[in-house]
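The values are calculated or read from the model by the stated rules, or taken from the named source; none is laboratory data. As the structure is a prediction and not an experimental result, all values here were calculated from the model. Positions of Cβ are generated from backbone atoms using ideal geometry, with glycine treated the same way; all protein chains shown enter the neighbour counts.
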Amino acid sequence: MIELIVFLVLLALGYGFGRLSESRHYRSIFQREQALRSIAVVPIKIPPPEYLRHNSTLVSGSVVISVDYFKTVVASLRNIFGGRVGAYESLLDRARREAILRMQEEARELGAETIYNVKYETSRIGENAAKGLGSVEVLAYGTALIACPDSK
Amino acid sequence: MLISNMEVVPGKRITQHLGMVQGSTVRAKHAGRDIMAGFKNIFGGELKGYTELLSESREEAIERLKQQAAALGANAVINVRFSTSSIAAGASEIFVYGTAVTVEDR
Amino acid sequence: MSFPKENPQLPEGINNQHDNPFVDFVIMAGALLLAVVAISFLIGWGATRIAPAVPFEWEPNLSFGPSDVSSEQDQRIAEYLQQLTRDLIPHDADISEINVHWLPDIEAANAFATSGGNIHVTRGLLDAVKSENGLAMVLAHEYAHIELRHPVVLMLEQIGHTLIALVTGFDNSSAGAITQQTGFISLMAFSRDMERAADERAVTLLNAYYGHSRGSEELFEHILQTDKDAAHQWGLWQSHPATQERIEFLESQKKGEDTHVSLRPLPDWLEKALNREP
């Protein structure tokens, strides 16, 4: 009986706080994406000729996002029925966009115009006993192209 | 929609780069398949159920990539890369990203 | 060839459908609960049908406590319990040999049957009953469990539930926990049904031996006196029906019986052995 109450409380807490933090995070993502739109993120390896005399340096952004209890439960139910795990998709979407944003922020501090050869790395960390998703790390990295004062 | 993992498209000319597009999906196998996989781990051999599931996931991820590219008005995605990660026990994520471009015949 | 000067504005909801996980949860949890309840019901139903077909000889012989009683007095009590049980069993019973084990060191009032035709009686139980009739009710109840093959039913149910747990709970996840809890609750529901069936059969056996079933509620009255909460302790997690409900059932079985019939007392030597005034 107590187990059930604990379970329901955790579930409610996970749902409430999870939804809250998710919507707050998305609002911040939308806002910053607009602000950083001018720093183009391109996965192409070789930049076009206009950047040939720019300086370049590696920039990266990483983020670790944790899953909430509610999502763990939904995902473990999904594991029985099979199919798309929507709960985790939003988590990864947030993590990827956040990682790109942090990379862009680093690039902006360096005065970069654009980032080329962008790549992603995803890993799962904090493998907990419940074998659910502990948390997921996304790393985005690329080469920032910075205009030299004498390049013009 | 042309999908390629090269940076150039043979026989075509890239007119416009439109930016990065991506598609991702997380899927779980149902319990029955997990058990069959458990048995297979004893005898070895291909896990047909899992192969099928992962290729379905990959198709869905590419489908999402195409949707994003189409929204930008692209007709090709080049330099496409796949990454597969197991993000939780029994659930795996397929992630695919590339550059949306418009191409025209040379 | 033109390159992007800024990031494209991509439409939302392609990689993240923004669907509410709550709906997902309710549908899946509901389906899982229904499935587990349905499967548990099938297992329980199947087990009660299959168990009587399993030959009694196949039951593993499980018993607890000292096999040879140390003191002479304990020996005498064990023989008395054995004899009383033998008297209660109908003469044409299929299960001929029941072994009654006397557990002199356990203070809790308890009696239980295990597979292979074993009945265990604790010292606390003898302290709890006032007359032979009250003791006979408990022995008859435990014998009814054996006669109705409940140890086998339980064993079959447990095998079934282990299989379900293997399918759903093998990764020790929360879904597995939900399944196991649901499975346990249905197991307990079947357990309560078995207790009711054993009570009913026990009353029949008492009527056959004494001609009435008075005194059958003694143990339950004792439980009520010692544990005030026990009366209505009824829940999905309980393995036995509420004590009050059992007393009411036993009372309802006595209607129309001669209320002047006196109860048969426990033998004097036994009362003395239990440090009580005869």
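Structure notes:
- Residue in segment A:28-44 that is touching a helix residue (DSSP H, G or I) at 6+ places or on another chain (Cβ under 9 Å), under 30 Å from A:LEU8 (Cα atoms), in a helix (DSSP H, G or I) and in contact (Cβ under 8 Å) with a residue 12 or more places away in the chain present: no
- Meets criteria (within 12 Å of chain B (Cβ to nearest Cβ), under 25 Å from B:LEU53 (Cα atoms), of a type in the set (Val, Ile, Thr) and outside any strand (DSSP E or B)) for A:ILE100: no
- Taking first residues from segment B:86-106 that are farther than 18 Å from B:GLU52 by Cα and within 9 Å of another protein chain (Cβ to nearest Cβ) and partners that are in a loop (DSSP other than H, G, I, E, B) and of a type in the set (Val, Ile, Thr), the Cβ contacts under 7 Å between residues at least 6 apart in sequence or on separate chains come to B:THR99/A:VAL42; B:THR99/A:ILE44.
- Number of the condition not met by B:VAL21 [criteria: (1) out of contact with any Gly (no Cβ under 7 Å at 6 or more places or on another chain); (2) not in a loop (DSSP other than H, G, I, E, B)]: (1)
Residue-by-condition table, conditions (1) under 28 Å from C:LEU236 (Cα atoms); (2) without any contact (Cβ under 8 Å) to a residue 12 or more places away in the chain; (3) exposed (fewer than 13 other Cβ atoms within 10 Å of the Cβ):
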| residue | (1), (2), (3) |
| --- | --- |
| C:VAL26 | yes, yes, yes |
| C:LEU32 | yes, no, no |
| C:ALA38 | yes, yes, yes |
| C:PRO60 | no, no, yes |
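- Filter result for C:GLU12 (part of a loop (DSSP other than H, G, I, E, B), in contact with a Ser or Thr (Cβ under 6 Å, 6 or more places away or on another chain) and without any contact (Cβ under 8 Å) to a residue 12 or more places away in the chain): no
- Index of the failed condition, B:GLU52 passing every other in (1) farther than 19 Å from B:VAL9 by Cβ; (2) facing chain A (nearest Cβ under 9 Å): (2)
- Residue among A:GLU106, A:GLU33 that alone is surrounded by fewer than 22 Cβ atoms within 10 Å (Cβ to Cβ), within 12 Å of another protein chain (Cβ to nearest Cβ) and at pLDDT 90 or above: A:GLU33
- Candidates A:LYS119, A:LYS45 - the one that is surrounded by fewer than 23 Cβ atoms within 10 Å (Cβ to Cβ), among the basic types (Lys, Arg) and modelled with pLDDT of 90 or more: A:LYS119
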